[in-house]
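Student: Pasting in a structure now, in structure tokens, and then I'll have a few things to ask.
The values are calculated or read from the model by the stated rules, or taken from the named source; none is laboratory data. No experiment lies behind these values; they were computed from the predicted model shown. Here the Cβ positions follow ideal geometry from the backbone for every residue, glycine too, while neighbour counts run over all protein chains shown.
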């Protein structure tokens, strides 16, 4: 991807992540006294589910661009760069699939 | 690709000045890396908490363990700093607060507010 595309992707994903996180964390901390059924119902609510899938995708894109920029800045050795890119890709891909799986299983 | 450095390299950290904006910036990167590293733990916690009442109880128990609580302070700081510094960078992108005095003030604001919110979190979990 070209520099300008990742620059734009980083900023739009940031806005989505920021809005979602502020809502999520305030609900989590101040919303209610959480019980297992209430928690499950909130996370698996259809609107929340769609928003969460969006969050996972935005997070994957955002984390990839951010980690990639850091590697490009500090690692100059090409081979080492490729190894670290692969590791980051595997961790992010794995986390993304795992999180989607968790949401799917919870939704039944 | 041969890496030829012509720019001077000067890495005596005690002789490099770190203005507030530089701290905001490097901490933005550092907190981003911390958040990346915390992903597996957070997903595991979510997984556990959604596995019926027993899993939910187990997740709560997990959260009360000392190491996890210490880790949550790192995550809380990372989240707060990353979010606030991110909003500052987005504002600077749209040319809001670009002048040096404003940028310095906002950098101090971000650094200090993130630290204060982290302290509030420490107070909350103690």
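Student: Looking at segment A:13-37 only, could you name the residues that are assigned to a helix (DSSP H, G or I), more than 10 Å from every other protein chain (Cβ to nearest Cβ) and farther than 20 Å from residue A:101 by Cβ? Spell out how you get there, then give the answer.
Tutor: Of all residues in segment A:13-37, those assigned to a helix (DSSP H, G or I) come to A:13-31, A:36-37.
Add one more test, that the residue is more than 10 Å from every other protein chain (Cβ to nearest Cβ), and what stays is A:13, A:16, A:19-20, A:23-24, A:26-28, A:30-31.
Listed by number, the residues that qualify are A:13, A:16, A:19, A:23, A:26, A:27, A:28, A:30, A:31.
Student: Please determine, by comparing only the residues of segment B:50-89 that are over 12 Å from the mean Cα position of the chain (by Cα) and under 18 Å from residue A:21 (Cα atoms), which one is nearest to the other protein chains (Cβ to nearest Cβ). Don't jump to the end; show me each part of the working.
Tutor: First pass over segment B:50-89, keeping only residues over 12 Å from the mean Cα position of the chain (by Cα): B:50-71, B:87-89.
Of the ones still in play, those that are also under 18 Å from residue A:21 (Cα atoms) are B:87-89.
Details: B:87: 7, B:88: 11, B:89: 8 Å.
Ranking the candidates gives B:87 first.
Student: Looking only at residues that are part of a helix (DSSP H, G or I) and more than 8 Å from chain B (Cβ to nearest Cβ) in segment A:95-108, which one is nearest to residue B:41 (Cα to Cα)?
Tutor: A:96
Student: On the basis of being part of a helix (DSSP H, G or I), under 30 Å from residue A:103 (Cα atoms) and either touching a strand residue (DSSP E or B) at 6+ places or on another chain (Cβ under 7 Å) or without any contact (Cβ under 8 Å) to a residue 40 or more places away in the chain (or both), does residue B:77 make the cut? Spell out the reasoning first.
Tutor: On the way: part of a helix (DSSP H, G or I): yes; under 30 Å from residue A:103 (Cα atoms): yes; either touching a strand residue (DSSP E or B) at 6+ places or on another chain (Cβ under 7 Å) or without any contact (Cβ under 8 Å) to a residue 40 or more places away in the chain (or both): no.
When the stated conditions are applied, residue B:77 does not pass them.
Student: Please determine, by comparing only the residues of segment A:62-94 that are over 24 Å from residue A:18 (Cβ atoms), facing chain B (nearest Cβ under 10 Å) and part of a helix (DSSP H, G or I), which one is modelled with the highest pLDDT.
Tutor: That would be A:94.
Here's the yes/no breakdown for (1) within 30 Å of residue A:49 (Cβ to Cβ); (2) surrounded by fewer than 10 Cβ atoms within 10 Å (Cβ to Cβ):
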{"position": "B:9", "(1), (2)": "no, yes"}
{"position": "B:14", "(1), (2)": "no, yes"}
{"position": "B:22", "(1), (2)": "no, no"}
{"position": "B:28", "(1), (2)": "no, no"}
{"position": "B:42", "(1), (2)": "yes, no"}
{"position": "B:57", "(1), (2)": "yes, no"}
{"position": "B:65", "(1), (2)": "yes, no"}
{"position": "B:69", "(1), (2)": "yes, no"}
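Student: Still on this structure, please answer the following. In segment B:82-97, what residues are surrounded by 15 or more Cβ atoms within 10 Å (Cβ to Cβ) and outside any helix (DSSP H, G or I)?
Tutor: Result: B:97, single match.
Student: Would you point out the residue of segment A:1-12, among those that are more than 11 Å from chain B (Cβ to nearest Cβ) and in a helix (DSSP H, G or I), that is nearest to residue A:40 (Cα to Cα)? Step through it out loud before you land on a result.
Tutor: Here is the first cut: in segment A:1-12, the residues more than 11 Å from chain B (Cβ to nearest Cβ) are A:1-6, A:9.
Now narrow it down to the ones that are in a helix (DSSP H, G or I): A:3-6, A:9.
Details: A:3: 40, A:4: 40, A:5: 37, A:6: 35, A:9: 31 Å.
Residue satisfying both the conditions and the ranking: A:9.
Student: Would you check which residues across segment A:39-54 are closer than 22 Å to residue A:15 by Cβ and within 11 Å of chain B (Cβ to nearest Cβ) and list them? Walk me through how you get there before you give the answer.
Tutor: Of segment A:39-54, the ones closer than 22 Å to residue A:15 by Cβ are A:47-54.
Result: A:52, single match.
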